[in-house]
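Worksheet for the structure shown next.
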Amino acid sequence: MKVTLKVWRQKNRHTPGHFASYQTPQLNPNMSFLEMLDVVNEDLASRGEEPIAFDHDCREGICGTCSLVINGKPHGPHRGVATCQTYLRSFKDGDEIIVEPFRARAFPLVKDLVVDRQAFDRIQHAGGFITVRTGSPPDANAIPVPKESADLAMDAAQCIGCGACVAACKNASAMLFVAAKVSHLGLLPQGQPERYRRVQAMVKQMDAEGFGACTVTGSCEAVCPKEITLDFIARMNRDYGVALLRGAPKKIAGGGA
Amino acid sequence: MATLNSNVPVGPLAQKWEKHKFSNKLINPANKRKYKIIVVGAGLAGSSAAASLAELGYEVHNFVFHDSPRRAHSVAAQGGINAAKNYQNDNDSVYRLFYDTIKGGDFRSREANVYRLAEVSANIIDQCVAQGVPFAREYGGLLDNRSFGGAQVSRTFYARGQTGQQLLLGAYSALCRNIANGGVKSYTHSEMLDLVVVDGHAKGIIVRNLQSGEISRHNADAVVLATGGYGNVFNLSTYARGSNATAIWRAYKRGACFGNPCYTQIHPTCIPVSGDYQSKLTLMSESLRNDGRIWVPKKKEDCRRNPAEIPEADRDYYLERLYGAFGNLAPRDIASRAAKTVCDEGRGVGETGLGVYLDFSDAIQRLGEGKIRERYGNLFAMYHEITNEDAYRTPMRIYPAVHYTMGGLWVDYNLMSNLPGLFVLGEANFSDHGANRLGASALMQGLADGYFVLPATISGYLATQKPDKRPGTDHDSFQQAEENVQGVTRRLLGNKGTRTPASFHKQLGKLLWEHCGMARNKAGLEKGIQLIGELRADYWKNVKVAGEAGEWNQSLELAGRVADFLELGELLCRDALHREESCGGHFREEYQYTKNDAEVQQGLVNPGDVKRRDDQFAYVAAWEYAGEGKPPVLNKEPLVYEEVKMSTRSYK
């Protein structure tokens, strides 16, 4: 099979970009979408043209590095998979496929299809952790965790931090990402002491990064490669509400001996 | 010749670590912040080390080539992490985990390191649970376990099929906390391209910012490499596409010895190769072997038949037949080689004939589809995405693929290389897995090194260095290293060739797989060394790299990595050629058991199993760079076993 690609090319964030069309060489329907881009890039490079820059790494749907908006959908046509797990058998011979980067103000473009998603890391720095020093924890079975809580926390923890939720949202909201992180830790007994401080800090940083507000359209859920659900956004909103009602924790003065 | 001192403490095995921690020098809290430590890599070993060192008060600078530390390839580990908790009351212990690991590594690892690994394994689980890692649990709320290859106890902790991601997120969260409080300065999209050695000590690195192309110098009192393995030298592997050997290789070229490069792990259960375009092989977790049964047809003519129509009597469950005591949970090297053997006999399945069945029908009948879906659902889904086949209805097809490298930079008991000040952690070092790693032990080692070993040992070195006295980045050695990096970049971009770096990488991979893959022999290895030399010469004549130095340039990144692989590939073959024995993942066709051997007649091993030669090869081969165009120098660290006896590895 062969397809025509219409790809966004942009040298860097200071230079205007444009769509460029490429006719692919002969392809195999069992190729992954990224392998197809590899083939196109080898072809471009051997003709002296600059290859298309795109992000990728593990190619098994877990590192969250790959991105791409394929025919208007982040991570392509299928539910519950990342771009790297999208195969050409999902397309037809002769198709025209439009490939764009994830678009959001908080994800500045690096080159072509590559964007900078470090805003996610900064949200994590703000509170995406349980404060525990190396070497100080109790025995792992000291605190039983109900299986239901552990399973639900795991559902949230599956988030791979790819940013498709942001790319799909008309407001470029990062609520699904932040909700997954907040819920993962907030559902476990170990995460309780910092639960309300965490949600406030992470939401504050999310806003500071320039992500938009959530209007619950659900497009994030529809494209999430790990099928993280909107329920977690509701859960986060509740925690955030409780945090506001509780107010800031009292500062303990003094200390020292 | 390099000086190799393993620095294994004296005394009984079970007390070595405790005594060593006590006798190791400490740094007082006020002085700790005067020491700057560079940590390269942010997988399990790198993140856990960076966070733990920062908690102790050191000034830590962490470098990753990814856009975020959370993307390091530890993220992809599926099955689990071992720990000697004995939560199952199945008679597990530190000693048993230690012994299983030593035996699994075919008696080619350093005894004291392995014991320590088993010793700290239990603390890792405590640490991870406290961080919020959502391990699988039983209904009573306690942690669940499953079994992995090479063990007869259930000591593997897991988080669905993505234990690696969950453990990495735990370590990453610790890293984030320390970035937020200023203990760690994080550099993302920053690739280490050279090690700076001042007066014989590692004192800094040269880094390229992948977004801007800018080259920068970074000094430190000690440098920690946690940059993973070198399996991508084979091009096709289960590694991430970005995984590379550049950091350890360039450290090697600055004088760090490379230990046992020929110990590469071929994982038995991967999705078979389907075409030449393929960029990556996907692993199907070893945990599947808990419930899946591996078989091929007994008769060649059945290979193309629908597996459902092949009667039970005509199926050969060869692992159960050959290795009764461990069956489908035989160690990886053994399971891989057995798959190769049946395929070589012409009994392989699938279009290419390079595949065996991993069949869940018995387990589904016994436990119900729901239970199997709960245990392995995401793996079955992944298999379906790639092959378009439903493994609940028809058996999976699997074949071995390059998965891990036991070899790596040589380190002593303190995880310090022969270059003082250079520490190497996780898969990047050689120390704990010998000639074969057991499943679920890589995660254990990465976190053991980062959370517990390095934070305790690094002070021993730092105490010999005056605080606040590290060389400045204007030192000649920094100048020289930066010029070296710029020179390589100029050479690559200036080359007027016609072929892409990726095409060379592919060619190198095929060549290595053929001459230094699952079965190796003298003639093949000699041929391989010659062909790699020719390919390398061709590379520097004919490679063509697109783009410029001062921008995001993935062609340039790959070109540098492939240049290193072309050198490392040769060292791999040289090591495999010199090691005239078979052990673990290193199988030399000349050295295998035959039916005439006593061990076969006693029923310990099967004909065709690996045959070690302890009298001549019970040592670590630590290769030392001797300069461009010169053959590397072989240093030997004898393996001294105080506690266990090197014996024939039997899984029958």
So what is the relative contact order for the range A:84-155, in percent, with contacts set as C-alpha pairs under 8 Å and at least six apart? 14
Take the range B:233-299, compute every pairwise Cα distance, and split them into 10 Å bins from 0; I just need the percent in each bin. 15, 34, 31, 15, 5, 0
Summed over the other residues with a beta carbon less than 10 angstrom from that of B:C257, with K and R at +1 and D and E at -1, the charge totals -2
Calculate the spin-label point distance for B:K300 paired with A:L244, positioning each point 7 Å from the Cα along the beta-carbon direction, and give it in nanometres. 7.5
Net charge dipole size for the protein assembly as shown [Lys, Arg +1 and Asp, Glu -1 on Cβ; Debye, nearest 20]: 1520
Sum of side-chain charges, B:E482 neighbourhood, beta-carbon under 10 Å (Lys, Arg +1; Asp, Glu -1): -1
What does the charge add up to near A:A104, with Lys and Arg as +1, Asp and Glu as -1, over the other residues with Cβ less than 11 Å from its Cβ? +2
Report the label-to-label distance for A:S90 and B:Q601 in nanometres (one decimal), using points 7 Å from each Cα along the Cα→Cβ vector. 6.1
Report the gain in length on full extension from B:Y317 to B:D390: 0.36 nm times residue separation, minus Cα-Cα distance, nm rounded to one decimal. 24.2 nm
At a Förster radius of 41 Å, what calculated FRET efficiency corresponds to the Cβ-Cβ distance of B:E309 and B:R33, to the nearest 0.05? 0.05
Suppose all protein chains stay in the model; what accessible area per residue would a 1.4 Å probe give for the range A:117-246, in Å²? 39
Ordering A:C169, B:C583 from largest to smallest accessible area (1.4 angstrom probe), what's the sequence? A:C169, B:C583
For the range A:117-246, how big is Rg over Rh, using alpha carbon atoms and the Kirkwood form of Rh? 0.97
Based on the alpha-carbon gyration tensor of the range B:267-403 and its eigenvalue square roots a ≥ b ≥ c, which shape applies: rounded if a/c is under 1.5, prolate if not and a/b is larger than b/c, or oblate? rounded
Plugging the Cβ-Cβ distance of B:L367 and B:S93 into 1/(1 + (r/R0)^6) at R0 = 25 Å yields, to the nearest 0.05, a FRET efficiency of 0.30
Ignoring ligands, DNA and RNA, what percent of the accessible area of chain B is carbon or sulfur (1.4 Å)? 48
What do you get for the angle between helix B:522-542 and the principal long axis of chain B? Use alpha-carbon atoms, 0 to 90 degrees, nearest ten. 50
Whole-angstrom gap from the range A:125-175 to the range B:11-49, using each part's C-alpha centre: 28
Theoretical gain in end-to-end length, B:T341 to B:K527 [0.36 nm per residue, Cα-Cα removed]: 64.7 nm
Compare the Cα positions of A:C66, A:P77, A:I123 along the charge dipole of the range A:39-126 (+1 at Cβ of Lys, Arg; -1 at Cβ of Asp, Glu; about the Cα centre) and return the one farthest towards the positive end. A:I123
Angle in degrees between helix B:111-131 and the longest Cα principal axis of chain B, rounded to the nearest 10: 90
Cα→Cβ-extended label distance, 7 Å offset, between B:S212 and B:E589, nm: 5.5
Any aspartates and glutamates with Cα under 13 Å of the B:K469 Cα? List them, leaving off those in the same chain fewer than 8 positions away. B:D221
Once you charge only the Cβ atoms, +1 for Lys and Arg and -1 for Asp and Glu, what is the size of the charge dipole of chain B about its Cα centre, to the nearest 20 debye? 460
The range B:625-641 and the range A:10-48 have their Cα centres apart by a whole-number Å value of 44
Accessible surface of the range A:117-246, 1.4 Å probe, proportion on carbon and sulfur as whole %: 52
Could you run the numbers on buried accessible area between B and A, total for both chains, 1.4 angstrom probe, in Å² to the nearest 100? 6100
When the helices in chain B are scored as -39500 (n - 2.57) per DSSP H run of 4 or longer and the sum is shared across all residues, what 222 nm value do you end up with, to the nearest 500 deg cm²/dmol? -11000 deg cm²/dmol
At R0 = 45 Å, how high is the FRET efficiency between B:E580 and B:R491 if r is their beta carbon distance? Nearest 0.05 is fine. 0.75
Restricting to bridges with both residues inside chain B, how much of the DSSP beta-bridge set is antiparallel, in percent to the nearest 5? 70
Hey, what's the range B:1-160 come to in accessible area per residue, 1.4 Å probe, Å²? 32
Cα gyration tensor shape of the protein assembly as shown, rounded if a/c is under 1.5, else prolate or oblate by comparing a/b with b/c: rounded
Pull up the DSSP beta bridges for the range A:4-110 and report the antiparallel fraction as a percent, rounded to 5. 75
Theoretical ellipticity at 222 nm over chain A - DSSP helices of four or more residues, -39500 (n - 2.57) apiece, nearest 500: -10000 deg cm²/dmol
For A:K204, placing the label point 7 angstrom along Cα-to-beta-carbon and taking the range A:155-182, residues whose amide nitrogen sits under 19 Å are A:174-175, A:178-179, A:181-182
Paramagnetic reach from A:H78 in the range B:377-409 [backbone N under 12 Å; point 7 Å along Cα→Cβ]: B:380-390
Dividing the mean separation of Cα pairs under 8 Å (6+ apart) by the residue count of chain B yields a relative contact order in percent of 20
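The values are calculated or read from the model by the stated rules, or taken from the named source; none is laboratory data. Treat the numbers as computed from the prediction; the structure is a model and nothing was measured. No Cβ is skipped: glycine too gets one built from the backbone with ideal geometry, and neighbour counts run over all protein chains shown. Calculation scope for accessible area: heavy atoms of the full protein, side chains included, ligands and nucleic acids excluded. Shrake-Rupley method; radii C 1.70, N 1.55, O 1.52, S 1.80 Å.
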